[in-house]
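Trainee: Shown below is the structure under consideration.
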Amino acid sequence: MSKKSTKTKPTKNKPTKPQPEAAQIKAIERLLEAQEDAKAVQRLKPLIQRFPDHGGLRRLLVAALEGSEGPRAAGLAAFEWAERRPNSAQAQEMLLYFAMQLGHIVLADCTARRLRALGMVTPSFPVPSEVLAELLALPDGSVATVEQVEGFDIGKLYLDAQDFAGAVERLDGLDILTARNNRSMALFHLGRIDEALDGFMAGWEADSDNLFALGWAVRLRLYRGDEAGASGLATPLAATTARRLDDALIQLDALLLLRQDAAAWDAFTHHRDNDWFEESDPYPRAILHHFAACAASRLGRAADARGLWRTALKLAPEFRLALDNLSSLEKGGQASEYPSVFDFSRALPLTCINALRAANEEAVDALKTLTVSNTFLEALYLGAEEALRSLIALILSQRAGRGDLDAVRLLKDFARLPIGDKGERLGFLRLLQEQNLIAPTDIIDYRDGEQLRQINLFNIEIEREPAETDLPDDLHELLGESISRFHAADYVGAEALLTQILARVPGHAVATGNLAGVRAAQGRYEEGRQLLKQVVHDHPDYLYARCNLANLAILDGKLDEADELLKGLATRRRIHISDLFALYGSMALLNRARGETEAADSLMASLEKLVQDEDDARRLEFAKELQKSVGRGGRFRNLLGALARPIWKAKGKLGA
């Protein structure tokens with residue numbers, strides 16, 4: 001029987017998917033071999049955007065992320081690969097591995113089911129029915145479906161990998177208690193505080209035993225500055241028994257934040273009787289013992305604090321907060337009122353923290369847009385470890401520089417407390433000094449070791465005695481007479497006397513400056529301005545001229561120019577009282593023009609403390625009048641009036 005002739009049928013060439021170059025993959029593999037995992041991630045991410053279905057690139061990304069960022073980031077990458085390629089046994093096996101490693105048992109069980117459908121063998125799966133029933137039981141007593149808990153596990157992958165936007169999206173609409181809690185937490189880390197608070201409040205109102213939601217609601221009310229609202233929620237928070245370790249952790253966290261230490265201690269002692277107390281994972285249990293130790297320390301129970309920190313270290317030997325606190329206790333022998341309770345975890349939105357770690361323009365923007373209240377920052381600082389305290393100080397110093405007087409107050413208060421070392425406390429005051437937020441005359445309380453003492457950061461000496469003049473006696477008399485004529489509105493006579501002085505002592509600073517005042521009184525404003533510029537050019541240290549020229553620049557809207565004229569004047573170690581009034585008046589005017597009203601008011605308040613006699617009262621009144629120039633187009637004459645006020649009290653002496 002002959003074979004039938006066979007004809008080759010024409011085949012249609014399927015279009016091949018674009019592929020990465022082999023050299024690109026080899027280069028990434030070399031990076032992984034050299035353990036340069038972070039660089040490999042940077043190379044892989046844009047390639048995966050171009051070739052999203054390429055299994056080799058996905059596998060390399062999982063490996064690179066595991067080496068550079070850890071199993072949580074790798075687990076999320078494995079999930080996204082498996083979701084993209086549901087029929088890839090390699091992708092599903094990778095997801096199964098990480099789901100098991102990260103404790104997402106229901107997700108692992110569902111993944112194993114897909115693998116079996118692909119013909120793979122999955123030892124230890126499916127999960128026994130009694131184990132699955134326990135996994136589906138929720139803290140509020142309800143029972144979730146497998147699909148709901150699988151969705152929760154997926155959302156948790158995103159949350160733990162700090163893809164908070166992804167977590168919000170994945171958990172949206174998942175109507176189980178744990179998913180709603182985690183979605184609200186993701187909203188917090190995105191900086192969407194009001195939405196997060198609404199979510200937590202709704203979760204607690206739906207289930208009054210949902211301590212996780214209630215504890216977060218307390219924190220977020222304080223975060224927004226609602227101290228009374230936070231304290232109001234603390235009563236049910238302290239009175240409710242925790243159903244699980246996660247609830248107990250946020251309960252003690254929030255109570256310690258509010259410094260309700262006795263309530264935190266009582267809650268911990270009740271937790272010891274719960275079934276979950278000894279059955280939970282070691283690290284969360286270590287944190288719970290640490291929180292209890294901090295409550296004990298604040299309450300003066302040194303022995304209890306020592307024992308609890310030791311227990312925490314048995315559970316988690318590398319737990320730094322417990323190590324540091326126990327070391328301080330052993331060294332000092334006494335319980336600290338200010339133990340280090342909190343680190344960066346849950347302190348502030350992690351999107352902000354991560355941006356700050358980048359140390360670029362994005363970090364600066366993150367600080368400016370941070371909506372956390374000073375009330376929350378203060379509460380956090382009182383229990384913060386060193387790195388977190390530094391961040392809080394940075395946030396407050398920036399706010400202080402923008403005219404936030406409450407931030408100034410807090411930094412000054414922190415310098416008084418026995419928290420950190422002397423260098424840290426002095427650093428707060430230096431930050432304020434650099435921004436001209438501490439007046440040269442201010443006496444500041446500062447804790448130097450165990451002692452609280454008063455210091456003057458500037459070591460400034462304020463002079464009140466008349467200074468020596470550089471004019472001959474007869475010209476000194478003419479100068480005094482010119483001032484008297486100015487105040488009698490005899491501007492022609494004042495000008496004639498000043499002209500005589502300048503004919504013999506050309507460019508004399510005081511005489512030229514006073515002549516500028518006369519020109520202004522005569523309406524010859526531009527001549528007055530030019531005279532001031534001449535004085536500043538010839539006598540750059542003459543404070544009155546620089547201040548008055550700065551005042552004019554402020555009214556012209558040239559704030560940077562004014563700032564440059566005033567720069568360095570506040571750092572003088574010796575200054576005459578008249579100069580100080582002129583300087584602070586100008587600095588306050590500049591702050592007011594910038595919209596920094598509180599900073600301006602603070603400077604004026606400093607001047608009020610310096611008033612001792614009629615001359616000081618007159619100087620203060622002029623400084624106050626000067627402030628009214630902003631916003632109404634103050635007159636040139638008003639700005640220069642101080643130059644022509646009596647400055648010579650006795651023959652040969654200056655005493656403005």
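Trainee: Among (1) within 27 Å of the chain's Cα centre (by Cα); (2) more than 27 Å from TYR338 (Cβ to Cβ); (3) open to solvent by less than 40 Å² (accessible area, probe 1.4 Å); (4) of a type in the set (A, V, I, L, M, F, W, C), which single condition is LEU190 missing?
Mentor: Of the numbered conditions (1) within 27 Å of the chain's Cα centre (by Cα); (2) more than 27 Å from TYR338 (Cβ to Cβ); (3) open to solvent by less than 40 Å² (accessible area, probe 1.4 Å); (4) of a type in the set (A, V, I, L, M, F, W, C), the odd one out for LEU190 is (3).
Trainee: Exactly one of these conditions fails for ASN514: (1) over 22 Å from GLU477 (Cα atoms); (2) modelled with pLDDT under 90; (3) among the polar types (S, T, N, Q). Give me its number.
Mentor: (1)
Trainee: Can you tell me which residue is least open to solvent (accessible area, probe 1.4 Å) among those in region 126-154 that are part of a loop (DSSP other than H, G, I, E, B) and touching a Ser or Thr at 6+ places or on another chain (Cβ under 9 Å)?
Mentor: ALA144
Trainee: Could I ask something else about it? Hey, which of the helices (runs of 4 or more DSSP H) in region 516-601, taking only ones fully inside, have at least 2 residues that are farther than 21 Å from GLU434 by Cβ, acidic (Asp, Glu) and in the same structural domain as ARG485 (by the TED database)?
Mentor: Counting at least 2 such residues, we get 525-538.
Trainee: Could you say whether any residue in region 167-185 is closer than 23 Å to MET100 by Cβ, at pLDDT 95 or above and open to solvent by 60 Å² or more (accessible area, probe 1.4 Å)?
Mentor: yes
Trainee: Residues being farther than 14 Å from HIS54 by Cα and either loosely packed, with under 15 Cβ neighbours inside 10 Å or more than 42 Å from the chain's Cα centre (by Cα) (or both): count how many of those fall in region 67-88.
Mentor: Here is the first cut: in region 67-88, the ones farther than 14 Å from HIS54 by Cα are 67-76, 79.
Narrowing the set further to residues that are either loosely packed, with under 15 Cβ neighbours inside 10 Å or more than 42 Å from the chain's Cα centre (by Cα) (or both) leaves 70.
Number satisfying all stated conditions: 1.
Trainee: Scan LEU411, LEU429, LEU394 and give me the residue that is outside the structural domain of ASN591 (by the TED database), open to solvent by 10 Å² or more (accessible area, probe 1.4 Å), part of a helix (DSSP H, G or I) and over 25 Å from ALA293 (Cα atoms).
Mentor: Values: LEU411 fails: open to solvent by 10 Å² or more (accessible area, probe 1.4 Å); LEU429 fails: open to solvent by 10 Å² or more (accessible area, probe 1.4 Å).
None of the other options fit; the residue is LEU394.
Trainee: Looking at region 95-121, which of its residues are charged (D, E, K, R) and surrounded by 18 or more Cβ atoms within 10 Å (Cβ to Cβ)?
Mentor: ASP109, ARG114, listed by residue number.
Trainee: In addition: Checking TRP309 against (1) crowded, with 19+ Cβ neighbours inside 10 Å; (2) touching a residue at least 40 places away in the same chain (Cβ under 8 Å): exactly one of these is not met. Which one?
Mentor: Failed condition: (2).
Trainee: Does region 326-345 hold any residues that are within 24 Å of the chain's Cα centre (by Cα), surrounded by 18 or more Cβ atoms within 10 Å (Cβ to Cβ) and in a loop (DSSP other than H, G, I, E, B), and which are they?
Mentor: Selection gives PRO339, SER340, VAL341.
Trainee: Follow-up question, since we're still on this one. Which numbered condition in (1) closer than 18 Å to ARG259 by Cα; (2) surrounded by fewer than 18 Cβ atoms within 10 Å (Cβ to Cβ) is the only one that LEU220 fails?
Mentor: LEU220 satisfies every listed condition except (2).
Trainee: Continuing with the same structure: When region 307-325 is examined, which residues are found to be out of contact with any Phe, Trp or Tyr (no Cβ under 8 Å at 6 or more places or on another chain) and part of a loop (DSSP other than H, G, I, E, B)?
Mentor: PRO317, GLU318
Trainee: Inside region 555-577, can you point out the residues that are small (Gly, Ala, Ser) and modelled with pLDDT of 85 or more? Let's see the steps before the verdict.
Mentor: Just the residues of region 555-577 that are small (Gly, Ala, Ser), to begin with: 557, 562, 568, 570.
Residues satisfying the conditions are GLY557, ALA562.
The values are calculated or read from the model by the stated rules, or taken from the named source; none is laboratory data. Because the structure is predicted, anything quoted here is derived from the model rather than measured. Note that we place each Cβ from the backbone using ideal geometry, even for glycine, and neighbour counts take in every protein chain shown. These accessible areas exclude ligands, DNA and RNA; they are computed on the full protein's heavy atoms, side chains included. Shrake-Rupley method; radii C 1.70, N 1.55, O 1.52, S 1.80 Å.
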